[in-house]
1. Just the residues that are modelled with pLDDT of 95 or more and either of a type in the set (S, T, Y) or in contact with a Leu (Cβ under 6 Å, 6 or more places away or on another chain) (or both), please, taken from the range 70-80.
2. Are any of the residues in the range 228-235 touching a strand residue (DSSP E or B) at 6+ places or on another chain (Cβ under 9 Å) and crowded, with 22+ Cβ neighbours inside 10 Å?
3. Output yes when any residue across the range 71-81 is buried (at least 24 other Cβ atoms within 10 Å of the Cβ) and closer than 25 Å to S267 by Cα, and no when none is.
4. Condition first: in a loop (DSSP other than H, G, I, E, B) and hydrophobic (A, V, I, L, M, F, W, C). Now tell me which residues in the range 39-84 satisfy that.
5. Mind listing whichever residues of the range 224-277 are of a type in the set (A, V, I, L, M) and part of a helix (DSSP H, G or I)?
6. What number of residues in the range 180-204 are within 21 Å of the chain's Cα centre (by Cα) and within 18 Å of I158 (Cβ to Cβ)?
7. Which residues, counting only those in the range 254-284, are surrounded by fewer than 24 Cβ atoms within 10 Å (Cβ to Cβ) and of a type in the set (S, T, Y)?
8. Tell me, which residue of the range 204-217 that is crowded, with 18+ Cβ neighbours inside 10 Å and out of contact with any Lys or Arg (no Cβ under 6 Å at 6 or more places or on another chain) is nearest to F143 (Cα to Cα)?
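The values are calculated or read from the model by the stated rules, or taken from the named source; none is laboratory data. This is a predicted model, so every value here is computed, not measured. Glycine also receives a Cβ, built like all others from the backbone with ideal geometry; neighbour counts cover every protein chain displayed.
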Amino acid sequence: MLSRGIFVFLVLLQVSFSANAAAETFRILNVNSYTAEWSWTREQIDGFIEGIGNPGLELRTVDLDAKNMSGGRPDRIRLAAEIAETWKPHLIFLTDDTALEKIGTLYADSPVPVVFSGIDGEPSDYGLGEVRNMTGAVEREHFTGTIRLLKSIWPGEIRRIAVILDSSPTWDRVRERMEKETARCGIIEIAEWIRPETFDEFKTSMLRIQNTVDAIGVLGIFNFSDGGTFADYGEVLRWTAENSSLPDFSFWSSRVERGTLCALMVSGTEQGRLAGKIAGRILVEKVPPSAMAAEQTTTGHPVISLARAKKLGIGIRSGILLESTVFPRFIWDK
């Protein structure tokens, strides 16, 4: 029995999507890089359940908690492997890169199909480029669209930006794509990439660039060490909102909810829904994973922190707000 001291988010969820009581029940092992309590992960799981369609479903979930331990917690990686061995799922569903790297590699070219969601990198980054039993949804940030949104909001000129990344290798591919997109469209100049190791280094860097760039991309903010552990990303974003006078952007609503000015967000629900549809084809239609290339979701949705805009002293046109998801107050003021 698992002790309460090593909390593992492990849930057995019975979902019936079909009026046909004789429908086959599929066992699915869901392994998350982060935790199912985090909104981004929850959106992917809910989207997956919606997308998979009509089969009966038993879902067991293990969280690797990579947000609090880089590379995931070893005991939870072992637990996921043990469940896969003893429970014998019909399919494994992985969210985000750490789960693909730590769990996906264990089941490369195995009989059990693996479907992933929210992958920033390429499967080939983890030696999974030619694996026949894996496919899913890859996550691609809406960089140019986000910059256009930022420019439509900010009354001043935005030409030079700095981008904040943490130590996770996930960001290497994101940086590569942003640099290619910058060279292609010329909409902005990335003046500096900043990769602090500690929360104090992050603070120092943020204060240093207040007069050298026009805006900041707040992307990787999880792995800043702070007194022997990682600084909570919500505290990192709150400090930014309270101490930076520069407009900032990201690609996810979780950042905007916590004080970043804006994002043309990648939808976790759409990522999960696409992965669920792929899983449904594998389980119900018996389409082999090798017959379906990994896909990316294409729709971005504008998200704006009205509280951050007010703190920065700017007004935003009503037409922009009407087309956006708006956070009227900071999450810590609720």
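1. R76, the sole residue that qualifies.
2. no
3. Looking through the range 71-81, at least one residue is buried (at least 24 other Cβ atoms within 10 Å of the Cβ) and closer than 25 Å to S267 by Cα.
4. The answer is L64, A66, M69.
5. Here is the first cut: in the range 224-277, the ones of a type in the set (A, V, I, L, M) are 231, 236-237, 241, 246, 256, 261, 263-266, 274-275.
If the condition is that a residue be of a type in the set (A, V, I, L, M) and part of a helix (DSSP H, G or I), then V236, L237, A241, V256, L274, A275 are the ones that fit.
6. Looking only at that region, the number is 3.
7. Within the range 254-284, S254, S267, T269 qualify.
8. In the first step, residues of the range 204-217 are kept if they are crowded, with 18+ Cβ neighbours inside 10 Å; the result is 206, 209, 213-217.
Checking which are out of contact with any Lys or Arg (no Cβ under 6 Å at 6 or more places or on another chain) leaves us with 206, 209, 215-217.
Details: M206: 21, I209: 21, A215: 14, I216: 13, G217: 10 Å.
The extreme case among them is G217.
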